[in-house]
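**Q** Take this structure, written in structure tokens, and hold onto it; I'll ask about it next.
The values are calculated or read from the model by the stated rules, or taken from the named source; none is laboratory data. Here the structure is a predicted model, which means the values were calculated and not measured. Don't worry about glycine lacking a Cβ; one is built from the backbone with ideal geometry, like all the others, and counts go over all protein chains shown.
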Amino acid sequence: NDTVMGGRSNSRVEQTDRGVMFEGNVTKNGGGGFCSLRFEPTRAGELARALEGAQGVSFVVRRLKGCKVWKFQLSEGYDGKSWQADFTAPEGPDKQSIALSTFV
């Protein structure tokens, strides 16, 4: 969260029976204006094999209020390469699919 920069955004992640739920409140009060989620797979080799030949990533997102444009970022770690793609979050739950070819 942006609290590392003095901001006041907050978020949480929870394992559910439908997958992982990441939710938060993003505000520009106090500076910053972001929330993020990072994870390291416990079986990186299995994840790499699952992604071989993949054409994109899909997820369900819903915006309650505020900013419509968001960023999805893939990274090799804190000091590694990273790729990002923008998407627009709808007001109702909607499946988003981002082709890997759109990541820059």
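**Q** Test each condition in (1) at pLDDT 80 or above; (2) surrounded by 13 or more Cβ atoms within 10 Å (Cβ to Cβ); (3) of a type in the set (Val, Ile, Thr) for THR16 and report the one that comes out false.
**A** Every listed condition holds for THR16 apart from (2).
**Q** Only one residue in PHE103, PHE72 is modelled with pLDDT of 80 or more, closer than 17 Å to GLY24 by Cα and within 14 Å of the chain's Cα centre (by Cα), so which one is that?
**A** After ruling out the rest, the residue left standing is PHE72.
**Q** Looking at the range 78-92, I want the residues that are under 14 Å from THR102 (Cα atoms) and have a partner that is in a loop (DSSP other than H, G, I, E, B) and modelled with pLDDT of 80 or more with Cβ atoms under 6 Å, at least 6 apart or on another chain. Which pairs are those?
**A** Qualifying pairs under 6 Å: TRP83/PHE103; ALA85/PHE103.
**Q** Which of (1) over 17 Å from LYS95 (Cα atoms); (2) surrounded by 12 or more Cβ atoms within 10 Å (Cβ to Cβ) does GLY6 not meet, given it meets every other one?
**A** It is condition (2) that GLY6 fails.
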